[in-house]
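The block underneath contains the structure these notes are about, expressed in structure tokens.
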Amino acid sequence: MRASNSFKDQKSITRQGIQALYTFTPFKLLRAEEYYTLLLAPAAYFEVTPHFTWRSKSCRVSLKVLVARRASKRVVQPHQLYPFIFKRDSRDMYVYKRKNIEKETFWRYPPTYMEFSWSALNSGYYCRFGWTLLCSQSRCPQEKYCPYLKGSPCRYYSTKPIPYPSLFNVYPRIQMKFEDPIGEFAFLPIVAIRYKDDPLAILRFTDHGSFITFIDGVVFSPKLAWMFTQPTIFLQEGLGFEMSNVHAIALEFLPEILDDFIRNVLLSDINISRWVILKYRLYIEESERNNYIREKKGFKAFERLDRIVKQIVQGIKQDETTIKIVKDVQNGNITPELIDFASVLFLHSLAHTLKNALVAKYGCKTDDIGYYVDHPKLRILGVPSEKIRVILFETAMGGFGYIKNFIDEIQNFSRIDILEELIYAAIKSFRKSCEEKVVQNLRNLNNELKPFQEHYKELVNLILKIYYNSFPNTVIYPHINSIRKAIVEVIPEFSEEERSLLDDLLAKGPHCWDGCQLCIMMERGCNFLPFDQPFLVSERLLRAALENILIMIKHPISFSPLKTGIRKNFEMLLSAARTKIDLVSPWISLEIIEDLLRLHREKHLKIRILTKIDPNNEMQIRSIERLTYLSKNYSPGFQTRVIEELHAKGMLVDDIMLLCGSFNFTISGLSTNVENVSLDFSLKGTKDFKIEFDELWRKAKPLV
Ligand SMILES: [Zn+2]
Ligand SMILES: [Zn+2]
């Protein structure tokens, strides 16, 4: 991408790849020397005066991306971008005003007003809530209709102007839409992870993924602690590009097994479920409970939390919604909707953690790897996916080689410990950086604040009350943003000194809100908006889940002696299959054959059955008849061979999941008999089985 303008003395700036998106983020300063240079772009829901041109008409890429079931957004890669230069005393002034601003329902999240001019950029006023993001006037231009107005002049409007570069870090909200490779380039199975006797997740790899990436919005992250929001605007047109032949790994979960897994993780520790319930109850409105999990709900979620803290601080009677939320958090009850929400939090937290672990291991840049989360309940870009998975991909055509390296180690050198190392490192860092510290800070807060009791009794008591009484009889506490806001409301006039004292006092409290920049959330790399992020990660849930997953990776084989009823395990394995099934069994029943045929027809699985002819067994005679017919009609996708001496029994799915034992693949073998069963997801066990199967297959005779 290229930004240049008509001034001959100005050098043009050119950038490639993802880096271009960080450089050419609209509203971010390109240069701030004796004048301010930045790109301005039309924003959705905003009117701008006067009109302007920000890009060349011709584009390298111009396409429509589905952003909701019926709405699409144009994404462009223009040949040229035209930055604006604001020189001292220049009269150029561009004012962005939210449409329909007179109606209160349109104040969904800030900003609603911003001005770009030399004087606003050089000495701008702003609102602590970000509604007026930047303005050259010393009185808020929105006083007439702002529903958040407090006093006149408004108490939340700044009294001193500040230069724009000291006010915000401006960064892009980058959307990445990953496209699945198809046909022969589809994801290759690498390794499966079990949970009890079923497959929980399957890791796959492709070097033929592709994605569209674009700046979809711009986030203004305040540099001042006492600004309470992260104002966000959305661009009318996305600014981005397409990439193909991208290396990617997908970790796909089986819905039923993940449900069971997440339920058990939540049940294992009431504090985990309490955190998730709090986030769920704040983020999802009661009327939306059975609906999709959408984005841009974080601002309202924060308002709900603010109300809880405010009522504690002011000692006023709690409203009904607040009472219900607090009670739900205390009770810690687990519902099916909560499990869905928790699953999304788990996937999202996992995506960040795996991404960070790969970045740390290979020493690459954080932008080199992107992530993408699919969940049937998650509605972010386009139509929700049927699949439940996390995808990590390299953000370069042809890949950088990190992911390929990682996969090679697992596949070619059977080094599963490389995956163990990644997970172990993550668990350790969570505990050290956040969880232990939080528990300690919360317990010691009383003591830590004692020295200040004498002089600042009121303030100290206020802080203690917020931390200990917002969610009584739990170790749950409010987000630091809501705490600051509530205190500012009761103590209106703050001197600079009092403010820094308060900052010192608050610094002694726990900071990580079950997920923070130190453990999970990464502002820059996150696909979610900053005000949504705290509600959509859970450090404790992920930590507990990873501890379980680590055990299962270390013990990939489960052996159950004398078990009855393994039909369900068998069916779960079939539903996990994507490429092929090798089955060996001296006897096989018709129902099993039909199950396999259905898979071959619906999912184009390659099926190989190895069995024997037994003239003394009625069932086997009928099965052989059917298999002979199928071999004739469905070869080579569905094949059967027979061998005389056959004792081995087992089924290998996608070369990575093995079910074997004393049972035959017959209805009685799978449903009623008492059998020895083993589920083997080890790299060695599955490889050995495959070698043995191939050997027998060569010796066996085709059925004709
Ligand atoms: Zn943290
Ligand atoms: Zn994220």
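Values as computed for the structure displayed
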read-out: Within straight-line cross-link reach of Lys701, aspartates and glutamates at Cα separation under 19 Å, skipping those fewer than 8 residues along the same chain; value: Asp582, Asp614, Glu625, Glu644, Glu645, Glu692
read-out: Heavy-atom accessible surface of region 160-235: percent carbon and sulfur, 1.4 Å; value: 58 percent
read-out: Fraction of alpha-carbon pairs over 20 Å apart in region 2-174 - percent; value: 58 percent
read-out: Percentage, to the nearest whole number, of Cα pairs in region 556-702 over 21 Å apart; value: 39 percent
read-out: MRE, 222 nm, helices only [DSSP H, n ≥ 4, -39500 (n - 2.57), over the chain, to nearest 500]; value: -11500 deg cm²/dmol
read-out: Amide H contacts of Ala43 (H built 1.01 Å from N, under 5 Å, at least 5 apart or other chain); value: Gln236
read-out: Dimensionless Rg/Rh of region 71-158 - Kirkwood Rh, Rg from C-alpha atoms; value: 1.05
read-out: Bridge type composition, the chain - antiparallel percent by DSSP, nearest 5; value: 85 percent
read-out: In sequence order, calculated HN-Hα J values of region 471-484 (Karplus, 6.51, -1.76, 1.60; Hz; x Gly/Pro); value: 10, x, 6, 9, 9, 8, 9, x, 5, 4, 4, 5, 5, 4
read-out: In sequence order, calculated HN-Hα J values of region 453-458 (Karplus, 6.51, -1.76, 1.60; Hz; x Gly/Pro); value: 3, 4, 8, 10, 3, 4
read-out: For region 503-600, alpha-carbon Rg over 2.2 N^0.38 Å; value: 1.85
read-out: Translational diffusion of region 350-501, µm² s⁻¹ [Kirkwood Rh, Cα pairs; Stokes-Einstein; 20 °C; 1.002 mPa s]; value: 107 µm²/s
read-out: Highest average packing first - 184-192, 199-207, Cβ atoms within 10 Å; value: 199-207, 184-192
read-out: Descending semi-axes in whole angstrom, ellipsoid equivalent of region 283-332, from the Cα gyration tensor; value: 22, 14, 8
read-out: Highest-first arrangement of 311-318, 327-334, where packing means the average Cβ count within 10 Å; value: 327-334, 311-318
read-out: At 1.306 mPa s and 10 °C, Stokes diffusion of region 429-479 via Kirkwood alpha-carbon radius, µm² per second; value: 133 µm²/s
read-out: 4 °C / 1.567 mPa s Stokes-Einstein diffusion coefficient of the chain, Kirkwood radius on C-alpha pairs, µm²/s; value: 45 µm²/s
read-out: Inverse mean reciprocal Cα-Cα distance (Kirkwood Rh) of region 351-410, Å; value: 12.6 Å
read-out: Karplus (6.51, -1.76, 1.60) ³J(HN,Hα), θ = phi - 60°, over region 49-54, in Hz, Gly and Pro reported as x; value: 10, x, 5, 8, 10, 10
read-out: Antiparallel %, DSSP beta bridges [both residues in region 2-174], to 5; value: 90 percent
read-out: Region 569-662 - percent relative contact order, Cα under 8 Å, separation 6 or more; value: 38 percent
read-out: Val326 accessible area, assembled protein chains, probe 1.4 Å, Å²; value: 10 Å²
read-out: Magnitude of the charge dipole, the chain, Cβ model with Lys/Arg +1 and Asp/Glu -1, debye to 20; value: 1720 debye
read-out: Solvent-accessible area, 1.4 Å probe, carbon plus sulfur percent, for region 44-89; value: 48 percent
read-out: Size of charge dipole - region 2-174 - debye, nearest 20, with Cβ of Lys, Arg +1 and Asp, Glu -1, no other charges; value: 700 debye
read-out: Antiparallel bridge percentage (DSSP; both residues within region 556-702; nearest 5); value: 65 percent
read-out: Volume of the Cα convex hull of region 243-317, divided per residue and given in Å³; value: 185 Å³
read-out: Only Lys, Arg (+1) and Asp, Glu (-1) charged, at Cβ; region 559-704 dipole about Cα centre in debye; value: 380 debye
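The values are calculated or read from the model by the stated rules, or taken from the named source; none is laboratory data. Worth saying up front: this structure is predicted, and the values here are computed from it rather than measured. Neighbour counts are summed over all protein chains in view; Cβ atoms, including those assigned to glycine, are modelled from backbone coordinates with ideal geometry. Heads up: the accessible areas ignore ligands, DNA and RNA and are worked out on the full protein's heavy atoms, side chains in. Shrake-Rupley method; radii C 1.70, N 1.55, O 1.52, S 1.80 Å.
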